[in-house]
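Heads up: the structure comes next, in structure tokens.
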Amino acid sequence: MIKGCIFDLDGVIVDTAKYHYLAWKELADDLGFDFTKSDNEQLKGVSRMHSLDILLKIGNKQFNEETKLKFAENKNKVYLEYIMKMTPGEILPGVIDFLKELKSKKIKIALGSASKNAMTILTQLKLTDYFDTVIDGTNVNKAKPDPEVFLKGAQSLNLKPEECIVFEDAKAGIEAAIKGGFKCVGIGSIDNLGKANYTMQGFYGITFGKIVELIN
Ligand code: B16
Ligand code: MG
């Protein structure tokens with residue numbers, strides 16, 4: 001029986017990928033190479049430092065650790081400027097109704113994100129009260145596709161993995177959920193997320209009851 005839901009943040013609750021893109025692009029521009037929106041797809045769900053490594057590989061650039069840490073810190077400053085301007089109007093369609101339905105049915109709610117900025121984003125979107133627990137980039141050691149973030153989420157909700165559904169937009173996140181023994185729903189294209197128990201474009205027009213039916 002499903003007793004909990006664990007949500008990824010970027011790409012599931014809000015589209016922060018566009019702000020990550022603009023901030024990384026600023027760095028690429030400074031370093032003198034092209035970074036396209038399609039390149040940005042490779043950074044979804046990936047940690048900040050790993051994202052930087054991918055970006056530098058695209059630009060064929062190499063730097064020492066100290067410089068890389070500075071780049072990442074600067075990128076985060078730029079990213080946070082965008083985040084601080086976000087409003088609850090940017091929450092993806094259907095998300096609030098879905099969270100309200102979960103609350104009314106006493107289904108527990110966790111966040112399972114790679115982002116170190118997750119709490120700032122939830123606060124900015126006025127969503128913190130919906131979450132029973134938040135597991136993010138500040139309290140995990142192993143990045144997705146390792147299941148650590150979701151296992152910690154389930155543990156913190158006092159639930160077993162098989163009692164939870166993970167909602168994820170990144171392939172690595174779906175792999176993490178499967179490895180951890182969770183049911184999972186992919187948010188996005190079936191081409192990318194085909195391993196999920198069910199894939200949908202977003203939460204608009206769907207209910208928790210319907211999803212439970214579909215994944216069984
Ligand atoms: P930060 P998610 C991920 O969030 C993003 O998809 C990914 O693009 C980003 O690099 C990562 O968070 C780290 O973010 O720099 O804020 O710590 O999809 O796991 O919610
Ligand atoms: Mg994501």
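Key figures
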item	result
Any helices (runs of 4 or more DSSP H) falling wholly within region 126-216 and containing at least 1 residues that are exposed (fewer than 14 other Cβ atoms within 10 Å of the Cβ)	190-193, 208-215
Residues located in region 12-44, provided they are within 12 Å of ligand 2 (Cβ to nearest atom), in a loop (DSSP other than H, G, I, E, B) and open to solvent by 20 Å² or more (accessible area, probe 1.4 Å)	D15, K44
Condition check for A118: touching a strand residue (DSSP E or B) at 6+ places or on another chain (Cβ under 8 Å), at pLDDT 95 or above and more than 20 Å from Y19 (Cβ to Cβ)	no
Selection status of T128, touching a Ser or Thr at 6+ places or on another chain (Cβ under 8 Å), at pLDDT 95 or above and away from ligand 2 (no atom under 16 Å from the Cβ)	no
Conditions (1) within 14 Å of ligand 1 (Cβ to nearest atom); (2) out of contact with any helix residue (DSSP H, G or I) (no Cβ under 6 Å at 6 or more places or on another chain): number failed by F35	(2)
Y79 being of a type in the set (F, W, Y), within 30 Å of D132 (Cβ to Cβ) and not assigned by TED's automatic domain parsing to the domain that holds L151	yes
Residue, surrounded by the most Cβ atoms within 10 Å (Cβ to Cβ), within region 1-11, restricted to residues that are within 13 Å of ligand 2 (Cβ to nearest atom) and of a type in the set (A, V, I, L, M, F, W, C)	I6
Single residue of region 45-60 satisfying the filter (open to solvent by 40 Å² or more (accessible area, probe 1.4 Å) and more than 8 Å from ligand 1 (Cβ to nearest atom)) that is farthest from the chain's Cα centre (by Cα)	N60
Tally of residues being within 22 Å of M119 (Cα to Cα), out of contact with any helix residue (DSSP H, G or I) (no Cβ under 7 Å at 6 or more places or on another chain) and hydrophobic (A, V, I, L, M, F, W, C) across region 50-79	1
Near pairs, Cβ below 8 angstrom, 6+ apart or cross-chain, from region 143-158 (in the same structural domain as I109 (by TED's automatic domain parsing)) to any residue that is aromatic (F, W, Y)	P147/F182; F150/F182; A154/F182
Pairs, first open to solvent by 50 Å² or more (accessible area, probe 1.4 Å) in region 111-123, second within 7 Å of ligand 1 (Cβ to nearest atom), C-beta under 9 Å, six or more apart	K116/S47; K116/R48; K116/N76; K116/G137
Inter-residue pairs, beta-carbon under 9 Å, first of a type in the set (S, T, N, Q) and in region 78-98, second part of a helix (DSSP H, G or I), 6+ apart	T87/Q124
Selection from region 97-125 of residues that are within 13 Å of ligand 1 (Cβ to nearest atom) and either closer than 15 Å to G209 by Cβ or outside any helix (DSSP H, G or I) (or both)	A110, L111, G112, S113, A114, S115, K116, N117, L125
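The values are calculated or read from the model by the stated rules, or taken from the named source; none is laboratory data. Given the structure is predicted, the values throughout are model-derived calculations rather than measurements. Please note: Cβ atoms are built from the backbone with ideal geometry, for glycine as well, and neighbour counts cover all protein chains shown. These area figures cover heavy atoms from the full protein model, side chains too; ligands, DNA and RNA do not enter into them. Shrake-Rupley method; radii C 1.70, N 1.55, O 1.52, S 1.80 Å.
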